Structures are given as structure tokens and as C-alpha cells.
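Coordinate-derived values only; no laboratory data. Worth saying up front: this structure is predicted, and the values here are computed from it rather than measured. Cβ coordinates were reconstructed from backbone atoms using ideal geometry, including for glycine residues, and neighbour counts include every protein chain displayed.
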Amino acid sequence: MVEWRRRRAMRQAAFVVGFNLAVFCAFARFGGIAVGAAKSWIGRRRFEVVRFGVVEAITLLEPPALAVTTFVLLVNRDSAQAASAGEAAASLAGGLVALLGLAMCVWTVLSWRQLFVGHGVLGGQQLVTGGAYGAVRHPVYLGGVLIWAGLSICFLSLVAAAITLFYVVPAYLLYIRSEEAMMLEAFGEEYSSYRGQVPMLLPRRRGRRA
């Protein structure tokens, strides 16, 4: 009986840790983007180039969708029922995936302190190729996808998984295509060379080259 209670307590602890991690990461990302969007709007005169079209409008809905989805999952969670071993494992795994995504977002900001929300080129902007941008070309978008994936795993939510697969991933692939066209216009051969050396979203093993 004592051993059973100990295992149950461990399962519940793992579930709570993973659950709190996933929820925190989702809301932290939404909050960070909201603050970044406000700062970008306030400093909009710094931009030499701004791109906003259908793709940007579609992708703009993703952060609010993340916050709403997280809130709905929270409201509908049965907190009275003890977590099974599978639920505890999924919760912890999902929380860790989400934490990895948030860490990627933070690393991106630390790699380029002028990071802003939206598509544009700042006056005098230099191409950033170090830090997170040396691992993948679009680290902040990778972080966002990982947070969505972590949330889906943590809650074992088919709805969140469907949103991730059929909205978030396609939207960001289109968003990246639009962004890279803009960057090629702004930086030309410098960006073309960077694109040939650094992968888009999935890091390569160290030592590999295109």
C-alpha cells in the first residue's frame, strides 16, 4: 500500500510539473509576442521595409490562437482525477518539449536584441548569423512550433495537435517563404550564402555542411 501511494504521488508530481511547464511556456510566448508587437508598433518609423499581406495576416492569428487553446484546455481539464502513468509521462514529456521551445525563443532574443514582431527590415540592419541563427535560420518559429507540440502532448489533445499540423506548421512555412523573399531582396548574395549554409528549421548534426 505504501509503495502504491508513493508511485501514485510520483506520477501526480510528474503530471503537475509537465502541466505547469506547458501552460507557462504557452502563455509566456503569447505575452512575449504581445509585448514585442507593441514595441514594434511604437518603433515603426525605424523600418525601411515593411511587408504585410495575406500570409502575414493569417500568421498574425497564431499567438492569440495559442493563448485561447491553452485557456480552453485548462478550463476543460478534469483536475479531480488522478493522473495515470501514461498521462503523467505525456504531461512531463510535453512540458519538456514546450520548455525547449521557449528556450529557443529566449535564445533567439538573446542572439538579436533588436528582434521585432512582423516582417520588415530596420534602417541599417545587419544580417545576424550567430547564436540561435547559426543553428537554424528561423529559430523563433521553431520555438513556437515546439510549444504547440508540447501543449498537444501534455494535454493529449487531438484538437491542439490538429491546429498544430493543419494551421501552425503550414502558416509558418508560408510565412518563412515570404520572409526569405524579403531578406533576399534586402541582403542579396549575403543572405543567399547564409541560406545555403544554415538549415531552415531542423538543426544539422555538428560538422555537417550542405
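Let me check I've understood the local charge: for residue 144, count other residues with C-beta under 14 angstrom from its C-beta, Lys and Arg +1, Asp and Glu -1. What total comes out? Combined, the nearby Lys, Arg, Asp and Glu give -1.
For residue 49, the amide hydrogen comes within under 5 Å of the amide hydrogens of 121, counting only partners 5 or more places away or on other chains and with H modelled in the peptide plane.
Converting the Cα gyration tensor eigenvalues of the chain into ellipsoid dimensions via √(5λ) gives semi-axes, longest first, of 36, 19, 14 Å.
In terms of other Cβ atoms within 10 Å, 133, 141 run from fewest to most in the order 133, 141.
In the chain, the longest principal axis of the Cα atoms and the axis of helix 169-187 are about 30 degrees apart. For the range 16-23, backbone phi angles converted through the Karplus equation (6.51, -1.76, 1.60; θ = phi - 60°) give residue-by-residue couplings of 5, 4, x, 4, 5, 4, 4, 5 Hz, Gly and Pro being listed as x.
Ordered by the number of other Cβ atoms lying within 10 Å of each residue's own Cβ, fewest first, 50, 117, 75 fall into the sequence 75, 50, 117.
Normalised by the number of residues in the chain, the average gap of Cα pairs under 8 Å and 6 or more apart makes the relative contact order 29 percent. Its residue count N sets the reference 2.2 N^0.38 Å, and the alpha-carbon radius of gyration of the range 1-119 equals 1.40 times that reference. Calculated [222 nm] ellipticity per residue, helices only, for the chain: -22500 deg cm²/dmol; basis is -39500 (n - 2.57) per DSSP H run with n ≥ 4, divided by all residues, nearest 500.
Taking the number of Cβ atoms within 10 Å of each Cβ as an exposure proxy, the fewest-first ranking of 159, 54 is 54, 159.
Coupling constants for the range 83-91 follow from the phi torsions by the Karplus curve (6.51 cos²θ - 1.76 cosθ + 1.60, θ = phi - 60°), and in residue order they are 6, 7, 4, x, 5, 5, 5, 5, 4 Hz; glycine and proline get x.
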